[in-house]
Amino acid sequence: MVDATPVTLALDGRVWGCIDFLSDLHLQATEPSTQRAFLNHLGQTPAQALFILGDLFEVWVGDDLLNDPKGAFEQSCVQALAQASQRLALFWLPGNRDFLTGSAFARACGATPLAETCRLQLPHEVCLLSHGDALCLQDHDYMAFRRQVRSPQWQAQFLAQPLKHRLALARQMRQQSQARQMTLAGDADVDPEAAREILRQAGATHLIHGHTHRPGDHDLGAGMRRTVLSDWRLDGLPTRAQVLRWQAGAPGWHRLAVTG
């Protein structure tokens, strides 16, 4: 279960009149259209704050990618984030694909790292931000895998391996994950009662998350709701890429389609 004692960020409406939320871009060198759309959005968004809620990269095998020729693609994305951070507040919450991002990654991006859940105080509601994978309780195989790879022992052993070995292992794990996704149905979705419980514990009413690649809006009852962010997929069919935007006053929340 996600830690229900999240860090709280209070919105200063004079500074953040427009906020963008996105996740699940799965950036990788073999999908240039998705990267191009992301870079264009970074350069053009009017938002004063950007929250990235995990899986920005298809895989992240360690912060030493920042200083190795094998990480040239990732470095180009990080440089774009660093440029954007000069004019907007940038926040980073790792996902299940890039949970190995560390302090060096955050510094290079100019991003403020967030805890696994973050409580965001807006003028008229309290939001809870999460990647969402820890709430997919019926996906028992994934939850067991998650416990393993989030352990300090596993991470220390993995990061101790040479970079080329980690990249090869990551490719193998991605192939296994893609094959497994074909067999999943509702098990890969967020458990509604778990979502309600974490909102109650956090004193929030609006859960915003990604991970499931099922963008939508869900009424959880008792004045609570769940908003699922869009994944980005612009190098295949069907295409999809959206940003969730909050603006002070009208129209409040809306989804913005992004093109390549």
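Quick check on my filter: what residues within region 142-175 are over 21 Å from the mean Cα position of the chain (by Cα) and modelled with pLDDT under 90? Matches in region 142-175: Gln172 only.
Across region 128-170, the qualifying residues are those that are small (Gly, Ala, Ser) and under 20 Å from Gly102 (Cα atoms), and the one among them that is surrounded by the most Cβ atoms within 10 Å (Cβ to Cβ) is Ser130. The single condition among (1) without any contact (Cβ under 8 Å) to a residue 24 or more places away in the chain; (2) in contact with a Ser or Thr (Cβ under 6 Å, 6 or more places away or on another chain); (3) not small (Gly, Ala, Ser) that Arg119 does not meet is (1). Selection over region 181-199 of residues that are over 15 Å from His211 (Cα atoms) and either surrounded by fewer than 14 Cβ atoms within 10 Å (Cβ to Cβ) or modelled with pLDDT under 80 (or both) gives a count of 3.
Of the residues Thr101, Thr34, Thr5, which is modelled with pLDDT under 95, polar (S, T, N, Q) and not in a strand (DSSP E or B)? It is Thr5.
One residue stands out in region 187-211 among those that are part of a loop (DSSP other than H, G, I, E, B) and of a type in the set (D, E, K, R): the one that is nearest to Tyr142 (Cα to Cα), namely Asp189. Filtering region 215-237 to residues that are under 21 Å from Gly203 (Cβ atoms) and out of contact with any strand residue (DSSP E or B) (no Cβ under 8 Å at 6 or more places or on another chain) leaves Gly221, Ala222, Gly223.
The values are calculated or read from the model by the stated rules, or taken from the named source; none is laboratory data. This one's a predicted model, so the numbers in the text were calculated from it and none came from an experiment. Reconstructed Cβ throughout: ideal geometry from the backbone, glycine too, with neighbour counts over all protein chains shown.
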